[in-house]
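Shown next, in structure tokens, is the structure this report addresses.
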Amino acid sequence: MENASRISHLVIVGGGTAGWMSAAFFSKVFTPQQMKITLVESAEIGTVGVGEATIPPITFFNQVVGVDERRMLSSTNGTYKLGIEFVGWGDPGDAYIHPFGNYGPPMDGVSFHAYWLRARKLGYKAELSEFSLSCVAAKAGKFDWRVEDPRDPRAAMAHAYHFDASLYAKLLREVAEERGVRRLERTIRGVNLDPLDGTIASLALDDGETLEGDFFIDCSGFRGLLIGGALGVGYDDWSEFLPANRAVAVPSARYQDPIPYTRATADKAGWRWRIPLQHRTGNGYVYVSDYISDDEAAGTLLDSLAAEHPDNKVLADPRFLRFTTGRRKQSRFKNCAAIGLSSGFLEPLESTSIHLIQHGLIKLAGSFPRAKNDPPVAAIYNQIMGEEMEQIRDFLIYHYHANRRLGEPLWDRMRHMAIPDSLKLKMELFRTRGATVFPGQTIFQEPNWLAIMIGQGGEPESYDPLADLMDERAMAERLQHVRIACRQAADRMPTHASVLERAAAPDPMKGTPVDA
């Protein structure tokens, strides 16, 4: 990269998922001759490992860094993911799935769901989920490998993964070190700034060494050692919209075949997650400390596991995490970019933590600095990352705000709270005409908003008037064709468990997982 010739040493502070994703990514962007990359991590400082669930863009990231899907699944005890099931977020006991992928194709240039809404007004009984192959397959415990025939509905399916985040970081460390990344196991005792321009000049390490660098990536987690501690960039607190500030996590034994979706179950002070891996299940409770104590939250989580199944045995003591929802006022400042938790935190309700790491890295590469301090591209980067986090924030707020859990203090508060104007506009567009195409959509697009708005808000008052232009009988036939195609495609799929067995099967000639 000619424009990056003035930056010759990239220093990554912190390991874990964010650090090793950064190292693996930039060791692919640059050759060792173009860029020296050093990662500093300390055994004294643990990693948070937020979230073991991902969303579909992770498949692209793995391809970019050169990680084969089967190798990843085998190395991380990973499973496939077709969406997220939300239990009890509308009325208590209700459930819906936010699937990956579309609900049927557009018809005559009009969104598919507009015709479904029109048909519902005419008495059509089929649920929206019946037109999503990911929904139908997830409920049946099915999954399939890539299908080459573009006419087959399975060819358009999107998927992500559940995996052990610490094992994923370990895998990426292997990839990065194979490509020349230098790892230092040190504790940082100080950060030295250039007295002339305020950029980071070097790090003071615990063994007395001074580590100089040209550009620094802060993956130090909530501490924000560089971006906050050394450079003084402030933090925007979003607790008024997303008040959850605690989480407790505990793994449990596998007692059944892993399902191909994440589960998020609403509870009195927040929500509980369930993430199925090959060898165990990840469980946790995200909660608001104003409504429940740490001990009570841990007890609630453990009781829910015991009630689920007698073989759902806990494998470790509960682990607690404290956080403040929000983001850095600037994710990139001077010669430092904050990646991962150092740039902000949004609870893992929609599995976006790892996505934000990936998104930050890709945008950083696309705006890589020409010099240590490059304010114009830093400003663009901060705008892009800020808009991405705000879109995710609005998406998460909707889950809480659209609840119908009457008589529960937290949920009553969330239902009546003031919400950002950006979310108000989205809700009004959906209520009046069923629209889920909104300005500035990136990560969450039409089918994503549709899933949660139908799942929790119910059907809108009306729909796109262009859907009235199609003959009623033709509309009914086309809807039925999509519905049947989804069901038949799911019927042809193998079980998720059998696909995982194939994915982890070693190549007898090599003793390693075979290529997909």
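Taken together, the values in this text are just the output of simple stated rules run on the coordinates, not laboratory data. Because the structure is a prediction, the values reported are computed rather than measured. Methodologically, a virtual Cβ is constructed for each residue, glycine included, from the backbone with ideal geometry; neighbour enumeration extends over all protein chains shown.
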- Item | Nearest 10 degrees, 0 to 90: helix 375-401 Cα axis against the chain principal axis | 40
- Counting as exposed only chymotrypsin sites (Phe, Trp or Tyr not before Pro) in DSSP loop states with no more than 16 other Cβ atoms inside 10 Å, the longest exposed-site-free span of the chain is 256-516
- Message: Charges at C-beta only: +1 for Lys and Arg, -1 for Asp and Glu. How large is the resulting dipole of the range 402-467 about its Cα centre, in Debye rounded to 20?
- Response: 200
- Sum up the charges of everything whose Cβ sits under 9 Å from the Cβ of residue 342, counting Lys and Arg as +1 and Asp and Glu as -1, but leave residue 342 out. +1
- Message: Suppose we keep just the DSSP beta bridges with both residues in the chain; what percent of those would be antiparallel, to 5?
- Response: 75
- If you rank 68, 317 by fewest surrounding Cβ atoms within 10 Å, what's the result? 317, 68
- Note on the structure: To the nearest 0.05, the calculated FRET efficiency linking residue 314 and residue 237 through their beta-carbon distance, R0 being 35 Å, is 0.55
- Query: P(r) of the range 246-322 in 10 Å steps, Cα pairs, percent per bin?
  - Reply: 20, 55, 22, 2
- Estimated FRET transfer efficiency (residue 481, residue 63; beta-carbon r; R0 30 Å; 0.05): 0.35
- Item | Crossing angle, helix 353-366 versus the chain [Cα axis fit, 0-90 degrees, rounded to tens] | 60
- With Cα coordinates, the longest principal axis of the chain makes an angle with the long axis of helix 421-433, in degrees rounded to 10, of 20
- With unit charges on the beta carbon (Lys/Arg positive, Asp/Glu negative), name the residue among 78, 158, 276 whose Cα is farthest towards the positive pole of the charge dipole of the chain. 158
- For the chain, restrict the atom set to alpha-carbon positions and state the Rg and Dmax in Å. 23.6, 79
- Item | Overall dimensions of the range 403-466 as given by Cα atoms, namely Rg and Dmax in Å | 13.0, 42
- Query: If you rank 473, 223, 405 by fewest surrounding Cβ atoms within 10 Å, what's the result?
  - Reply: 473, 223, 405
- Task: When a/c is below 1.5 the answer is rounded, else prolate if a/b is larger than b/c, else oblate, so apply that to the range 100-171 with a ≥ b ≥ c taken from the square roots of the Cα gyration tensor eigenvalues.
- Result: prolate
- Message: Need one number: nm distance between label points at residue 469 and residue 189, each 7 Å from Cα along Cα→Cβ, rounded to one decimal.
- Response: 7.3
- Task: Please sort by residue number the GluC sites (Glu not before Pro) in the range 121-197 whose DSSP state is loop and whose Cβ has at most 14 other Cβ atoms within 10 Å.
- Result: 127, 148
- Message: Of 204, 176, 191, which is farthest towards the positive pole of the range 150-209's charge dipole, taken about the Cα centre with +1 and -1 on the beta-carbons of Lys, Arg and Asp, Glu respectively?
- Response: 176
- Query: Which values, in whole Å and largest first, are the semi-axes of the equivalent ellipsoid of the range 211-354 obtained as the square root of 5 times each eigenvalue of the Cα gyration tensor?
  - Reply: 33, 18, 12
- Task: Averaging sequence separations of C-alpha pairs under 8 Å and six or more residues apart, then dividing by the length of the chain, give the relative contact order as a whole percent.
- Result: 23
- Query: Seen from all sides and averaged, what is the projected area of the convex hull of the Cα atoms in the range 282-360, in nm²?
  - Reply: 7.1
- Task: For a footprinting-style exposure proxy, rank 406, 277 by other Cβ within 10 Å, fewest first.
- Result: 406, 277
- Task: Could you size up the charge dipole of the chain around its Cα centre, putting +1 on the beta carbon of Lys and Arg and -1 on that of Asp and Glu, and report it in debye to the nearest 20?
- Result: 420
